[in-house]
There are 2 protein chains.
Amino acid sequence: MGEPAARATELCDAALAGDRRALARLLTAVENRTAVAEAALRRLYPLAGRAHLVGITGPPGAGKSTLVAALIAEVRQAGRSVAVIAVDPSSPITGGALLGDRVRMQSYAGDQDVFIRSMAARGHAGGLASTSGAAAAVLDAAGFDLIFLETVGTGQSEVEVAAAADTTVVLEAPEMGDEVQAIKAGLLEVADLVVVNKGDRPGAQRTAAQLRAMLVASVPRNDAHHHPRPKRPEVLVTTASTGEGVPELLAALDRHRAAGRGGPAEAARLARAEHQVWAIVSDRLRDRLHGPGRRAVTEATLHEVAEHRLDPYTAADRLLGSLGWRD
Amino acid sequence: MGEPAARATELCDAALAGDRRALARLLTAVENRTAVAEAALRRLYPLAGRAHLVGITGPPGAGKSTLVAALIAEVRQAGRSVAVIAVDPSSPITGGALLGDRVRMQSYAGDQDVFIRSMAARGHAGGLASTSGAAAAVLDAAGFDLIFLETVGTGQSEVEVAAAADTTVVLEAPEMGDEVQAIKAGLLEVADLVVVNKGDRPGAQRTAAQLRAMLVASVPRNDAHHHPRPKRPEVLVTTASTGEGVPELLAALDRHRAAGRGGPAEAARLARAEHQVWAIVSDRLRDRLHGPGRRAVTEATLHEVAEHRLDPYTAADRLLGSLGWRD
């Protein structure tokens, strides 16, 4: 057994026994796509599949973090355990802690059944969906009842991340600018539940009514990549800062999960699996193309394309050819 | 010569002769990744490489569309031609026209030297960067002097799109919420030029001063995936609604381009080429895995992963093995 496999076994054993520091280290390995992560996931993946994975997304300023905090309190009151993966929009490259994240962690510092983790939205395209899927599998295997995947819902990949959850909650706030309104419309398409937060503001009930009207008007879509959507998403109003409406939201999440077996949740699981497998296939391919013996050809080919001396299709065929790979 | 190749030749000939409707059709083909697009790009790609590709990104509400409109007016006054690719955040799935886009198009309806195009942020991960890169190559071959790539700068892929331009402009507005502030900090890392828009608002000059201080404090990064950044980005203040500061911005763009040869612009071109080639490699791989003879194995494997009966690494190796492909 190699070094990474031994390290993975050690961390997995500890994490499964409830060691949160070992769990955090596993998640770091997953985020960095190390050999330890591969060995750990090979072991943990078959143990996962029990948790309820809830995606929570919405435009900046809708109050996602506050709502997640209120949901944590509600879940804990019901005696259930919860993990949060907060995909950090603050830095596409270096990452960094989500605003308020440290504060949130501290208030549950002594609670073994709450685990909060920021993940940077970095890495190559598609990486986010696969990394968060893998992180969810680790937390699932570690026994958390609920896993919240919190993302800011404006970018393609962030929306995909949320949409690959068993249940997707789209958060909206009353009174936002035009661009944010447009983002809203797009987000509704991935929603299993729509929540108008900041319900104490004037206009919240009107926003909820408008959203219900939009949802009635929209034709349900069936899309192989996303949820087939058998019924119209429910629209709820919450005031996360006071906790108003949060018990009802948790009840709606539970109902959606109970109703969802075999339906949209299954499609979401398939999408999640596909993201993860595809990311690994892509990594393997990249490793080979940039590995010893092929790196020089790969780099020269990419330079020719950058200088417009070669078109990208001929380049792609040349790279696949360099792998000795023909159909 | 097959049907798509003949159609591509026809559209390319017309587009190169100045037919804007043919150009629009080529871009639709590029967006849908059709066989016509492949044939057209094989022909047009070697003709491209002359235009100045400028990425313009920033958080929602910073005034990107208004600034782009002001830049178009400025570019036209200088007698140069300009195309805009606006990556539409409104719908991750079905797409839709960017707010205000129709209005913008109409005001230049009679002008052959302005071309504005919305692209939906849809498709599988990484698709956005390669599609916008391919669209830029088509517009470049068609002879536009400047190409603006406008994206909302919150999602990973949207930021990557902008960062793969020759020059990346990050737009900021004074006085924004906490989450938006966090997004700002991340965006600065990809900036060649930082623009504080809405310069007529109180706090604009203070925001510019703060940004200059942040940029002085930050250590320049060299990252293979992004621009090596030899010098600190300039911070400008504009009021796009009145045109104030816009001539200075265009001059700064020209200076960045003149200075950038062989430096960051070359790295950006390489990143753009890599995105495009990689997307084609991925498409070819997907087509084969989901093609006749392999589809059943691929789908069964993905289902096993979704049901946690198989880990994603073993699944990836099985799929690569089904291609008869060994290292």
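Read the figures in this text as sums done on the coordinates, not as results from a lab. Everything quoted here is computed from the prediction, not taken from an experiment. So basically every Cβ, Gly included, is an ideal-geometry build from the backbone, and we count neighbours across all protein chains shown.
Annotation for B:Leu16, label-to-label distances across the other copies: 6.3 nm (shortest first, one decimal, point 7 Å from Cα along Cα→Cβ). Per residue of B:282-288, other chain Cβ atoms within 10 Å of the residue Cβ number 4 on average. Close amide-amide hydrogen proximity is noted between A:Leu149 and A:Val54, A:Gly55, A:Ile56, A:Ile85, each under 5 Å apart and 5 or more residues distant or on a separate chain (H modeled in the peptide plane; Pro and chain starts excluded). Specify whether the C-alpha gyration tensor of the stretch A:279-322 places it in the rounded, prolate or oblate class, a ≥ b ≥ c being the square roots of the eigenvalues: rounded for a/c under 1.5, otherwise prolate if a/b is larger than b/c and oblate if not. Prolate shape, in that a/c is at least 1.5 and a/b is the bigger ratio.
Peptide B:42-55 has a mean shielding of 2, counted as Cβ atoms of other protein chains within 10 Å of each residue's Cβ. Here B:Val216 yields copy-to-copy label distances, from shortest upward, of 5.9 nm, the label point defined as 7 Å from Cα along Cα to C-beta. For B:Asp317, inter-copy separations between label points set 7 Å beyond Cα along the Cβ vector come to 3.3 nm, shortest first. Backbone geometry of the stretch B:291-304 corresponds, through the Karplus equation with coefficients 6.51, -1.76 and 1.60 at θ = phi - 60°, to 3J(HN,Hα) couplings of x, x, x, 10, 3, 4, 5, 4, 5, 4, 4, 5, 5, 4 Hz, x marking Gly and Pro. Mean partner shielding of peptide B:132-138, defined as the number of other chain Cβ atoms within 10 Å of each residue Cβ, is 1.
Taking a ≥ b ≥ c as the square roots of the eigenvalues of the Cα gyration tensor, the stretch B:1-47 is rounded, since a/c falls below 1.5.
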